[in-house]
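So the structure is just underneath, and the comments pick up after that.
The values are calculated or read from the model by the stated rules, or taken from the named source; none is laboratory data. Here the structure is a predicted model, which is why all the values come from computation and not from measurement. In case anyone asks, the SASA skips ligands and DNA or RNA and just uses the protein heavy atoms, side chains included. Shrake-Rupley method; radii C 1.70, N 1.55, O 1.52, S 1.80 Å.
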Amino acid sequence: MAAGRRIRFTAVLVGVVLALTGFSSHGGSSGKSKGGGGGCSSSKSKRSTRTHTSSNNSTPSGTASARSKEPARAAVVTCAGAGRPQAVIQVTSLVGTERTVTVPLKFAGERGVDLDSTSVRVTLKGREAKTVTVPMGRPDKAAEILRCEIGRID
């Protein structure tokens, strides 16, 4: 009986670690973006791409960015798609004081072609996280969106 509990505990612990580092178990592919280690994941059913830091690096969620001067990190919660002309992102402050940051967001189609881009300004208290809805500037392109990418946060 104790061995069963140990296996169950280990499985739960592995799931928590994978969730905290940004890996996904709901399908799609995982791998590295051009700048770093960790797992970005995407799922065609949810049409989302998770990008855990600005500059589209895939630093695992829950760790500080390699660039210590970045004021915040952002992740795509839900990407735009057919019938959904907006993305939902979560922005988290990496500094201890209140700050307004600008988060650029690209909406990409096939082969990574940018179909739309916008940015949103978010005011965060120290170490605060906020979920923000970002509408597309060209909602007529929503059905063609396959991926959302967060740029460098200022």
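Can you sort Asp154, Asp116 by solvent-accessible area, 1.4 Å probe, largest first?
Sorted descending by solvent-accessible area, the residues read Asp154, Asp116.
Measuring with a 1.4 Å probe in the full set of protein chains, what accessible area per residue, in whole Å², belongs to region 62-154?
53 Å²
How large, in percent, is the carbon and sulfur part of the accessible surface of region 68-116 at a probe radius of 1.4 Å?
Whole-percent figure for carbon plus sulfur exposure: 46.
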